[in-house]
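Have a look at the structure below before the remarks.
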Amino acid sequence: MQFLSYLWLSDNLISRPVPTLSERQFVVGKSSLNKTEEITQRELFWYREELLKIIHAQWKEASGSRFGDLSFRQQRMTVDMLNTLKTDLIRVDLSFAREETEDGSPLLLERRGRKFLTRANTLNKLQVQVTNTNSSALIIMINLSLSPEDHVLFEGTLTDIPLGRIDSGKSKNVDVPLCFLCAGQFEVSAEARKVGVGENIGGQTPVGWTRAIVISTE
(Lines give C-alpha, C1' and ligand atoms only; values in the text may rest on other atoms or scores of the structure.)
Protein backbone atom coordinates (compact mmCIF):
# COMPACT_ATOMS: atom_id res chain seq x y z
CA MET A 1 0.00 0.00 0.00
CA GLN A 2 1.29 3.45 -0.93
CA PHE A 3 0.22 6.57 0.96
CA LEU A 4 -0.23 9.94 -0.70
CA SER A 5 1.63 12.96 0.62
CA TYR A 6 -0.13 16.25 1.18
CA LEU A 7 0.10 18.70 -1.70
CA TRP A 8 0.70 22.41 -1.85
CA LEU A 9 0.55 24.44 -5.07
CA SER A 10 1.95 27.95 -5.37
CA ASP A 11 -0.27 30.98 -5.96
CA ASN A 12 1.16 31.28 -9.49
CA LEU A 13 -0.12 27.80 -10.37
CA ILE A 14 -3.53 28.25 -8.77
CA SER A 15 -4.07 31.68 -10.36
CA ARG A 16 -4.10 30.17 -13.85
CA PRO A 17 -7.61 30.20 -15.40
CA VAL A 18 -9.48 26.93 -15.60
CA PRO A 19 -9.63 25.80 -19.26
CA THR A 20 -12.84 24.55 -20.86
CA LEU A 21 -13.04 22.19 -23.81
CA SER A 22 -14.68 23.81 -26.83
CA GLU A 23 -14.42 22.40 -30.34
CA ARG A 24 -11.47 20.24 -29.24
CA GLN A 25 -9.50 23.26 -28.10
CA PHE A 26 -9.00 24.56 -24.58
CA VAL A 27 -10.33 28.08 -24.15
CA VAL A 28 -10.95 30.16 -21.08
CA GLY A 29 -14.65 30.79 -20.62
CA LYS A 30 -16.28 33.74 -18.90
CA SER A 31 -17.46 33.06 -15.37
CA SER A 32 -20.31 34.52 -13.31
CA LEU A 33 -18.74 33.30 -10.05
CA ASN A 34 -17.62 35.71 -7.38
CA LYS A 35 -13.96 35.98 -6.43
CA THR A 36 -14.09 33.41 -3.62
CA GLU A 37 -15.93 30.89 -5.80
CA GLU A 38 -13.45 31.41 -8.64
CA ILE A 39 -10.52 30.72 -6.28
CA THR A 40 -12.20 27.54 -5.05
CA GLN A 41 -12.91 26.31 -8.59
CA ARG A 42 -9.33 26.95 -9.67
CA GLU A 43 -8.01 25.10 -6.64
CA LEU A 44 -10.32 22.14 -7.30
CA PHE A 45 -9.18 21.93 -10.92
CA TRP A 46 -5.42 22.34 -10.49
CA TYR A 47 -5.13 20.16 -7.38
CA ARG A 48 -7.09 17.46 -9.21
CA GLU A 49 -4.73 17.77 -12.18
CA GLU A 50 -1.72 17.41 -9.87
CA LEU A 51 -3.29 14.40 -8.14
CA LEU A 52 -3.96 12.68 -11.48
CA LYS A 53 -0.24 12.94 -12.26
CA ILE A 54 0.52 10.92 -9.13
CA ILE A 55 -2.07 8.15 -8.90
CA HIS A 56 -2.14 5.22 -11.31
CA ALA A 57 -4.19 2.02 -11.20
CA GLN A 58 -4.57 -1.13 -13.27
CA TRP A 59 -7.14 -3.90 -13.45
CA LYS A 60 -6.70 -7.59 -14.21
CA GLU A 61 -9.22 -10.40 -14.58
CA ALA A 62 -9.15 -12.79 -11.64
CA SER A 63 -9.56 -15.82 -13.89
CA GLY A 64 -8.35 -14.48 -17.20
CA SER A 65 -5.46 -12.84 -18.95
CA ARG A 66 -7.02 -9.47 -19.76
CA PHE A 67 -5.73 -6.37 -18.00
CA GLY A 68 -5.61 -2.63 -18.51
CA ASP A 69 -5.29 0.84 -16.99
CA LEU A 70 -7.98 2.58 -14.95
CA SER A 71 -8.82 6.20 -15.77
CA PHE A 72 -9.80 8.62 -13.00
CA ARG A 73 -10.58 11.51 -15.36
CA GLN A 74 -14.32 11.20 -14.73
CA GLN A 75 -13.91 11.43 -10.97
CA ARG A 76 -14.81 14.80 -9.48
CA MET A 77 -13.02 16.42 -6.56
CA THR A 78 -15.14 17.93 -3.80
CA VAL A 79 -14.19 20.74 -1.42
CA ASP A 80 -13.87 18.21 1.43
CA MET A 81 -11.47 16.13 -0.69
CA LEU A 82 -9.49 19.28 -1.51
CA ASN A 83 -9.16 20.25 2.15
CA THR A 84 -7.96 16.73 2.99
CA LEU A 85 -5.38 16.74 0.18
CA LYS A 86 -3.94 20.22 0.79
CA THR A 87 -1.23 20.81 3.31
CA ASP A 88 -1.56 23.97 5.36
CA LEU A 89 1.17 26.61 5.17
CA ILE A 90 0.11 27.62 8.66
CA ARG A 91 -0.73 25.33 11.57
CA VAL A 92 -3.50 26.66 13.79
CA ASP A 93 -4.03 25.20 17.27
CA LEU A 94 -6.88 26.02 19.66
CA SER A 95 -6.97 25.57 23.41
CA PHE A 96 -9.11 26.94 26.24
CA ALA A 97 -8.27 27.91 29.80
CA ARG A 98 -9.88 29.55 32.82
CA GLU A 99 -8.30 31.32 35.77
CA GLU A 100 -9.21 29.28 38.83
CA THR A 101 -5.90 28.58 40.55
CA GLU A 102 -4.89 30.49 43.68
CA ASP A 103 -2.12 32.37 41.92
CA GLY A 104 -4.40 33.32 39.02
CA SER A 105 -2.51 31.21 36.46
CA PRO A 106 -4.61 29.71 33.65
CA LEU A 107 -6.07 26.24 34.10
CA LEU A 108 -6.54 24.32 30.86
CA LEU A 109 -10.05 23.01 30.26
CA GLU A 110 -10.65 19.27 30.29
CA ARG A 111 -10.34 17.92 26.75
CA ARG A 112 -11.76 14.86 25.04
CA GLY A 113 -10.37 14.75 21.50
CA ARG A 114 -11.48 18.00 19.84
CA LYS A 115 -14.09 18.64 22.53
CA PHE A 116 -13.46 20.93 25.51
CA LEU A 117 -15.60 20.88 28.65
CA THR A 118 -16.52 24.05 30.55
CA ARG A 119 -19.36 25.52 32.61
CA ALA A 120 -21.86 28.13 31.50
CA ASN A 121 -21.40 31.74 32.67
CA THR A 122 -17.72 31.12 33.41
CA LEU A 123 -14.98 33.36 32.02
CA ASN A 124 -12.78 31.37 29.64
CA LYS A 125 -9.79 32.30 27.56
CA LEU A 126 -9.60 31.10 23.96
CA GLN A 127 -5.93 30.59 23.12
CA VAL A 128 -5.00 30.55 19.42
CA GLN A 129 -1.47 29.53 18.43
CA VAL A 130 -0.42 30.13 14.82
CA THR A 131 2.76 28.43 13.56
CA ASN A 132 4.40 29.11 10.21
CA THR A 133 5.31 25.73 8.68
CA ASN A 134 6.31 27.33 5.38
CA SER A 135 9.96 27.60 4.34
CA SER A 136 9.82 31.41 4.31
CA ALA A 137 8.32 34.17 6.44
CA LEU A 138 4.64 35.05 6.01
CA ILE A 139 2.46 37.96 7.04
CA ILE A 140 -0.65 36.48 8.63
CA MET A 141 -4.07 37.58 9.81
CA ILE A 142 -6.74 35.37 11.37
CA ASN A 143 -10.52 35.21 11.52
CA LEU A 144 -12.37 33.54 14.39
CA SER A 145 -15.89 32.17 14.30
CA LEU A 146 -18.25 31.24 17.16
CA SER A 147 -21.45 29.27 16.59
CA PRO A 148 -24.03 30.02 17.85
CA GLU A 149 -22.50 33.46 18.37
CA ASP A 150 -25.64 34.92 19.99
CA HIS A 151 -25.00 32.87 23.14
CA VAL A 152 -21.34 33.82 23.58
CA LEU A 153 -19.85 36.98 25.04
CA PHE A 154 -16.35 37.86 23.85
CA GLU A 155 -13.91 40.72 24.15
CA GLY A 156 -12.46 42.46 21.13
CA THR A 157 -12.98 41.53 17.49
CA LEU A 158 -13.17 38.15 15.78
CA THR A 159 -12.22 39.14 12.22
CA ASP A 160 -9.13 40.53 10.52
CA ILE A 161 -6.90 40.07 13.56
CA PRO A 162 -3.37 40.98 12.40
CA LEU A 163 -0.47 38.83 13.59
CA GLY A 164 2.18 40.52 11.46
CA ARG A 165 5.24 38.73 10.15
CA ILE A 166 5.86 35.18 11.34
CA ASP A 167 9.23 33.69 10.45
CA SER A 168 9.56 30.10 9.27
CA GLY A 169 9.12 27.67 12.17
CA LYS A 170 8.00 30.41 14.57
CA SER A 171 4.65 30.91 16.32
CA LYS A 172 2.47 33.74 17.58
CA ASN A 173 -0.40 33.57 20.05
CA VAL A 174 -3.71 35.38 20.40
CA ASP A 175 -5.90 35.23 23.53
CA VAL A 176 -9.62 36.05 23.40
CA PRO A 177 -11.65 36.19 26.64
CA LEU A 178 -15.11 34.68 26.17
CA CYS A 179 -18.06 33.34 28.16
CA PHE A 180 -20.70 30.80 27.12
CA LEU A 181 -24.05 32.07 28.37
CA CYS A 182 -25.93 28.77 28.43
CA ALA A 183 -25.46 25.03 28.41
CA GLY A 184 -25.02 23.39 25.01
CA GLN A 185 -22.55 22.61 22.25
CA PHE A 186 -20.57 25.39 20.58
CA GLU A 187 -18.27 25.34 17.57
CA VAL A 188 -15.17 27.53 17.57
CA SER A 189 -13.08 27.82 14.42
CA ALA A 190 -10.00 29.78 13.39
CA GLU A 191 -8.84 30.56 9.88
CA ALA A 192 -5.40 31.93 8.99
CA ARG A 193 -4.88 33.97 5.82
CA LYS A 194 -1.71 35.06 4.09
CA VAL A 195 -1.37 38.78 3.45
CA GLY A 196 0.80 40.05 0.60
CA VAL A 197 2.12 43.47 -0.30
CA GLY A 198 -0.52 45.49 -2.11
CA GLU A 199 -3.17 42.78 -1.65
CA ASN A 200 -6.57 43.08 -0.03
CA ILE A 201 -6.31 41.69 3.51
CA GLY A 202 -9.74 40.06 3.30
CA GLY A 203 -9.34 38.49 -0.12
CA GLN A 204 -6.59 35.97 0.42
CA THR A 205 -6.84 32.21 0.20
CA PRO A 206 -6.92 30.47 3.60
CA VAL A 207 -3.59 28.80 4.39
CA GLY A 208 -4.54 27.27 7.74
CA TRP A 209 -7.76 26.28 9.47
CA THR A 210 -8.96 24.36 12.49
CA ARG A 211 -12.00 24.04 14.73
CA ALA A 212 -12.97 22.79 18.16
CA ILE A 213 -16.17 21.84 19.95
CA VAL A 214 -16.94 23.25 23.41
CA ILE A 215 -19.50 21.51 25.64
CA SER A 216 -20.95 23.94 28.18
CA THR A 217 -22.85 22.59 31.21
CA GLU A 218 -24.86 24.27 33.94
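The values are calculated or read from the model by the stated rules, or taken from the named source; none is laboratory data. Everything numeric here is computed off the predicted structure, so don't read it as measured data. All Cβ positions, even for glycine, are placed from backbone atoms using ideal geometry, and neighbour counts span all protein chains on display. Keep in mind that these areas ignore ligands, DNA and RNA; they rest on the heavy atoms of the full protein, side chains included. Shrake-Rupley method; radii C 1.70, N 1.55, O 1.52, S 1.80 Å.
Annotations
- Across LYS35/LYS115; LYS115/LYS170; LYS53/LYS170; LYS86/LYS170; LYS35/LYS125; LYS35/LYS86, pairs whose alpha-carbon gap is larger than 29 Å: LYS35/LYS115; LYS53/LYS170; LYS35/LYS125
- Our estimate of slack between THR78 and LYS53, defined as 0.36 nm per intervening residue step minus the Cα-Cα distance, is 7.2 nm.
- Extension gain, ARG119 to ASP175, is 18.3 nm, computed as 0.36 nm per intervening residue step minus the present C-alpha separation.
- Applying a DSSP loop filter and a limit of 13 other Cβ atoms within 10 Å to the trypsin sites (Lys or Arg not before Pro) in the range 107-155 leaves ARG114.
- Per residue accessible area of the range 39-149, 1.4 Å probe, in Å²: 64 Å²
- Loop-located trypsin sites (Lys or Arg not before Pro) in the range 39-68 whose Cβ has at most 12 other Cβ within 10 Å (DSSP): ARG66
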